[in-house]
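Enquirer: Sending over a structure as structure tokens; questions will come in a sec.
What follows draws every value from the coordinates through simple rules; no lab data is involved. Every value quoted in this text rests on a predicted model; they were computed, and no experiment measured them. Glycine also receives a Cβ, built like all others from the backbone with ideal geometry; neighbour counts cover every protein chain displayed.
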Amino acid sequence: MMKKIVFLLFAFLYSTLLFAQTDFSGTWTLNTSKSKLGEQFSIAPKEVIILQNGNDISVEKHSEWQGQEFTINDKYTLDGKECINPGFMDTEKKSTLTWDSGKKILTITSMIPFQNETMTITEVYKKDGDSFIVEMKSSSSYGDMEETQVYDKKQG
């Protein structure tokens with residue numbers, strides 16, 4: 001009987017660790033010295049606040065563009081279903097989220113209508129120790145852009 005209980009406990013703990021997904025929750029501040037940002041301009045938010053709970057994740061990005069501060073609030077589900085959030089100038093941003101096979105890396109692919117075309121933005125979320133990393137790629141007729149944004153966890 002004791003062996004059976006120990007085996008079941010071990011199996012439960014192993015399956016929990018095996019299928020656990022990375023939790024990106026926290027307040028993250030941009031570390032420009034570790035990041036690889038666009039030379040002419042960057043779209044990297046200065047601060048990102050992530051709340052991840054069960055199947056839901058919300059991402060709040062605090063940015064600045066040409067001296068104007070703004071905040072983008074996106075809400076997603078982690079089940080691969082399409083999520084719709086506000087886009088540019090009263091458009092809808094349609095996004096899907098996918099995990100890698102180990103549930104350690106999360107990819108957000110968004111399609112945003114912009115001036116009679118669609119811009120595609122792919123964000124790959126990773127954690128490395130106390131750092132949160134976003135590998136961002138955007139593509140449109142205006143060109144392609146890539147950045148690696150590295151964030152430090154805000155303490156307190």
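Enquirer: Which option, (1) 16.6, 50; (2) 18.7, 59; (3) 18.3, 69, is the value of Rg and Dmax of the Cα atoms in Å that was calculated from these coordinates?
Expert: (3)
Enquirer: So what's the net charge close to THR29: Lys and Arg +1, Asp and Glu -1, counting the other residues with Cβ under 14 Å from its Cβ?
Expert: Details: positive: LYS34, LYS46, LYS61, LYS153, LYS154; negative: GLU47, GLU60, GLU64, ASP130, ASP152.
Here the count lands on 0.
Enquirer: On C-alpha positions alone, give me the angle between the axis of helix 2-19 and the longest principal axis of the chain, in degrees, nearest 10.
Expert: 10
Enquirer: A further question on this structure: Give, as a single signed number, the net charge of other residues whose beta carbon lies under 9 Å from the beta carbon of PHE132, with Lys and Arg counted +1 and Asp and Glu -1. Before the final figure, lay out each step's value.
Expert: Working: positive: LYS126, LYS127, LYS153; negative: ASP128, ASP130, ASP152.
Computed value for this residue: 0.
Enquirer: Shifting gears a bit: If you place +1 on the Cβ of every Lys and Arg, -1 on the Cβ of every Asp and Glu, and leave all else neutral, what size is the dipole of the chain about its Cα centre, to the nearest 20 Debye?
Expert: Numbers: 17 positive and 22 negative charges, 182 e Å.
Dipole magnitude for the chain comes out near 880 debye.
Enquirer: Of TRP65, THR122, PHE41, which is farthest along the charge dipole of segment 41-156 in the positive direction, counting Lys and Arg as +1 and Asp and Glu as -1 at C-beta?
Expert: Farthest towards the positive end: THR122.
Enquirer: Would you please give the FRET efficiency between PHE41 and GLN21, computed as 1/(1 + (r/R0)^6) with r the Cβ-Cβ distance and R0 = 30 Å, to the nearest 0.05?
Expert: My answer for the efficiency is 0.35.
Enquirer: Counting only helical runs of four or more DSSP H residues, what would the 222 nm mean residue ellipticity of the chain come to if each run contributes -39,500 (n - 2.57) and the total is spread over all its residues? Present the calculation step by step, with values, prior to reporting the outcome.
Expert: Numbers: 1 runs with 18 residues, N = 156.
My calculation for the chain gives -4000 deg cm²/dmol from helical runs alone.
Enquirer: Still on this structure, please answer the following. Starting from the amide H of MET119, placed 1.01 Å from N in the peptide plane, find each other amide H under 5 Å away whose residue is 5 or more places distant or on another chain.
Expert: ILE112, PHE114
Enquirer: If you add up the charges near ILE84, with Lys and Arg at +1 and Asp and Glu at -1, over every other residue whose beta carbon is less than 9 angstrom from its beta carbon, what do you get?
Expert: Details: positive: LYS93, LYS94; negative: GLU82, GLU92.
Summing Lys/Arg as +1 and Asp/Glu as -1 gives 0.
Enquirer: How big is the dipole moment of segment 114-156 about its Cα centre under a simple scheme where the beta carbon of each Lys and Arg is +1, that of each Asp and Glu is -1, and everything else is neutral? Debye, nearest 20, please. Don't skip to the answer; put the middle values down first.
Expert: On the way: 5 positive and 9 negative charges, 45 e Å.
Dipole about the Cα centre, nearest 20: 220 debye.
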